Amino acid sequence: MPRSYNYEKSFEDCMKEMFKRVGLKFSVEFCQGKDWYMSKSWTTAQQNEFRKWMEKLLKKRHGWGAHQLNKEVGMFILCYGWKQSD
């Protein structure tokens, strides 16, 4: 994929995958609710598996290096990730 791959598409694909991993279907309406990200939880292991998946996707689509991937994925999980249940 070219490095100019659509960032909005990558964001949407990551949200869909994150929702799928807790048994939900992604919808914008759901995310408009207050504290929607607190409605589900995942373990540290689940979060780490998602992190690996997301890093692989973004590296393929955008050609980012390890530092950029770590920063972007970390911010995504901080801002949108489910609460942890360990």
Net charge of Cβ neighbours under 14 Å - reference Phe50; Lys, Arg +1; Asp, Glu -1: +3
³J(HN,Hα) computed for each position of the range 73-85 - Karplus, 6.51 cos²θ - 1.76 cosθ + 1.60, integer Hz, glycine/proline x: 5, x, 5, 4, 5, 4, 7, 10, x, 5, 5, 8, 10
Solvent-free Debye scattering, log10 I(q)/I(0), computed from the Cα coordinates of the chain at q = 0.18 Å⁻¹: -0.78
Links that overshoot a 21 Å alpha carbon limit, given the list Lys40/Lys71; Lys9/Lys34; Lys59/Lys83; Lys25/Lys83: Lys40/Lys71; Lys9/Lys34; Lys59/Lys83
Separation in nanometres of the label points that stand 7 Å from Cα toward Cβ, at Phe11 and Cys79: 0.6 nm
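Each value in this text was obtained by applying a stated rule to the coordinates, not by laboratory testing. Please read these numbers as outputs of a predicted model, since none were measured by experiment. Every residue, glycine as well, gets a Cβ built from its backbone with ideal geometry; the counts of neighbours run over all protein chains shown.
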